[in-house]
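Before any comments, here is the structure.
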Amino acid sequence: MAKSKYEYVKEFETDDRMLRNVYVLVRIDGKGFHKFSQTHDFAKPNDVRGINLMNHAARCVMHELDDILLAFGESDEYSFLFRKSTDLYQRREAKIVSTVVSLFTSAYVYYWNDYFTDLKRPLYPPVFDGRAVLYPSEVEVKDYFAWRQADTHINNLFNTSFWALVEEGGLTPKAAEARLCGTDSKDKNEMLFTEFSTNYSKLPAMYRKGSVLLREQIPKDADKDAIIPTLPETLPGSKSAKVIPAPGLQSGPDPISEPASEAPSGQSTPISLDSPIVVQETVMQENSSNSSSEGKKRSIDANEAEQQDVEEGPAAKKEAPAFKRMKKGVVIDHIDIIGEKFWTGRGAYILAPEKKKKLRS
C-alpha cells in the first residue's frame, strides 16, 4: 500500500485479536424476529420453512469456513464452534464475527425463495447480530451447548402449549399466557395430552431438540433428508430439493411427515443391511475380489487392449460405479447433545486434542 500523509489514522484501530489456545464460539441472533415472523406469516409454534432456511444458511457458513467444527441452531439463533487452534484472520474478533454474520445473512436472503415459494424475497431485510465468546476448556463448551439445547426444550414446550391454547383452545394470547403462568414442564405436558391429545415427546425432534450440524464421513449417494446437499441443492422443504428417501435407509425423522422413532443420544440411526448402499458396497467388494483373482490367471496383451480401444472408441469404456468411498461432509441431525454420550461418541472429534502450532511472531 502506498504511503500517504493520511495513513496515521490506522493508529486509531484497536488490536482485537482473541486469546490463543481457547475455544472460539460465535453466536448469531435474529434482531426483531418476533415482528419479522408475524409480517411474513410464519406458522406457529414452528415453521418448517423458516427452520430449514436457518439450517441452510448455517450450512453455507460451515462450507465457507472450514475451521467450524460444530453448529447448533434453534428458533432465530445459531452457534458456531471454531477449532481451538484456528488462526482465521489472525483471530481478530471483529473480522471473524462480521464474516459469520454477513455469510449467514446473505445466505438467508439468497435462498429465501427456495423455502418461501410464494414470496420472491422478504418484505424487508432480515437483520442478525453476532458476538464471540471464548471458553477456556471443554467443560465450558459442553455446558454451553447443553444450555442452548435446554433452552430449546423450554421455549418450544411453552410455545407449543401457548399456541395450542390460542389456536385450538380459543383463548386470547393474554389468557393463554395467564393459564401457563406458574406451570412447569410436567403441567404443560399433561395439559397438551389431556386437552389437545398431543404427546409432546412424539413431536419432530427438530422442534424439541434443535438442529446440530457436524462434519462427518458420508457416502456420496446418502439420503438427502439427513445430508445437507452440495450447492445449489437444498434441504427438505425447498421446491428444488429432490427428497426421495431410498427404501431401507432411514437417516432421521422427516420434520414434515409423522415422526419416526429416534436413535439413542449420540448415535446415528442404523442403516439396514438390505439398504441399497450396503448391498451395492457388498457387490462391489465381491466384484473387486473376483476381478483380482482372475487377474492372476490371465492378463490382456497391451497391443490387444490398444486395438480394442481403437475399434470400440471411448464410448465403450466402462462407466464408474455410482457408489464411491466415504467423504467428509456437513451433516444435519436432531439429537441430544446434553451429557457425555454425544461427546464421547459421535462428537468425540470435536474436542479431541490438537497438535500444538508455533505462534506467529
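The values are calculated or read from the model by the stated rules, or taken from the named source; none is laboratory data. On a predicted model such as this, the values are computed, not experimentally measured, just so you know. FYI the Cβ positions are ideal-geometry reconstructions off the backbone, even for glycines, and counts take in every protein chain you see. SASA here: full protein model, heavy atoms, side chains in, ligands and nucleic acids out. Shrake-Rupley method; radii C 1.70, N 1.55, O 1.52, S 1.80 Å.
Data for the structure
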{"quantity": "Lone unmet requirement of (1) free of Cβ contacts under 8 Å to residues at least 60 places away in the same chain; (2) part of a helix (DSSP H, G or I); (3) closer than 23 Å to His34 by Cβ; (4) touching a strand residue (DSSP E or B) at 6+ places or on another chain (Cβ under 8 Å) for Phe104", "calculated": "(1)"}
{"quantity": "Residue count, segment 32-59 (criterion: farther than 21 Å from Val166 by Cβ, touching a residue at least 60 places away in the same chain (Cβ under 8 Å) and in a helix (DSSP H, G or I))", "calculated": "7"}
{"quantity": "Test: residue in segment 104-112 that is among the aliphatic types (A, V, I, L, M) and in contact with a His (Cβ under 9 Å, 6 or more places away or on another chain)", "calculated": "yes"}
{"quantity": "Extreme residue, least open to solvent (accessible area, probe 1.4 Å), among residues of segment 148-192 that are of a type in the set (Val, Ile, Thr) and farther than 28 Å from Asp336 by Cβ", "calculated": "Val166"}
{"quantity": "Qualifying residue in segment 13-27 (condition: among the hydroxyl-bearing types (Ser, Thr, Tyr), touching a strand residue (DSSP E or B) at 6+ places or on another chain (Cβ under 8 Å) and surrounded by fewer than 17 Cβ atoms within 10 Å (Cβ to Cβ))", "calculated": "no"}
{"quantity": "Of residues in segment 193-217 being open to solvent by 40 Å² or more (accessible area, probe 1.4 Å) and assigned to a loop (DSSP other than H, G, I, E, B), the one farthest from Gly329 (Cα to Cα)", "calculated": "Ser197"}
{"quantity": "Residues of segment 64-93 satisfying the condition of being open to solvent by 60 Å² or more (accessible area, probe 1.4 Å) and either under 16 Å from Met18 (Cα atoms) or of a type in the set (Gly, Ala, Ser) (or both)", "calculated": "Ser75, Arg83, Tyr89, Gln90, Arg92, Glu93"}
